[in-house]
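In what follows, a single structure is set out as structure tokens and then discussed.
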């Protein structure tokens with residue numbers, strides 16, 4: 001099992017550019033989520049999904065879109081990158097909402 | 001937004017010392033409490049998922065207790081080793097909203 005995979009590992013964007021962070025899991029988990037990690041702020045939830053076709057907003061959703069067309073994949077789209085979106089992004093999955101979360105390796109994004 | 005507090009923010013201990021830290025969470029609507037270990041340049045990994053008041057879990061030298069009525073959990077590390085150096089996160093799940101993470105306790109174990 002590969003577990004939770006994320007691509008790319010590093011990315012530099014200019015302000016206004018768009019991009020998609022990829023996340024995939026091979027554990028047949030229903031629950032997937034995206035977090036951002038900023039110094040002194042801990043992990044903050046951006047969006048989450050309880051199953052294919054169902055997504056919902058977390059604590060800091062503005063500027064991000066998600067979709068869940070399959071159980072395996074949960075991409076995160078930055079619509080128009082801003083310097084405030086410079087962060088490390090983690091994707092996670094779990095069997096259900098209350099279960100232990102399995103985290104991907106993270107994507108370090110810099111917006112200049 | 002639910003408040004999950006962890007204390008202390010950071011801790012420096014000598015190798016061989018035992019240590020503990022605290023996670024505080026709302027005592028109403030409790031469903032589960034998670035502990036994660038997060039090493040630098042890696043991803044968080046689950047240590048424990050606790051669901052019952054009075055629950056105690058153990059993994060090697062690390063153990064955790066849970067008091068849902070007063071809204072706190074303790075994580076204990078016995079005989080700290082340099083490889084225990086990491087950030088320890090707790091996360092509270094109330095059952096009707098997503099998991100909420102605390103900001104973590106950063107532990108440094110000095111050899």
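The numbers here are math on the coordinates, done by the rules we state, and not lab data. As the structure is a computational prediction, the values presented were derived from the model and not from experiment. Note that each Cβ is placed from the backbone with ideal geometry, even for glycine, and that neighbours are counted across all protein chains shown.
Compactness check for the stretch B:1-64: Cα Rg over 2.2 N^0.38 Å is 1.25.
Counting Cβ atoms of other protein chains within 10 Å of each Cβ in B:92-101 and taking the mean gives 5.
The mean number of Cβ atoms from other chains found within 10 Å of a Cβ in peptide A:97-107 is 6, as a whole number. The convex hull defined by the C-alpha atoms of the stretch A:1-62 has an orientation-averaged projected area of 5.5 nm².
Sorted largest first, the spans of the alpha carbon positions of the protein assembly as shown along the three principal axes are 49, 37, 34 Å.
The percentage of C-alpha pairs in chain A whose separation is greater than 18 Å is 43%.
Mean projection of the alpha-carbon convex hull of chain B over all orientations, in nm²?
Approximately 6.5 nm², given one-decimal rounding.
Taking every residue in A:55-62 and counting other chain Cβ atoms within 10 Å of its Cβ, the average works out to 1. Sorting B:12, B:34 by the number of Cβ atoms found within 10 Å of their own Cβ, with the fewest placed first, yields B:12, B:34.
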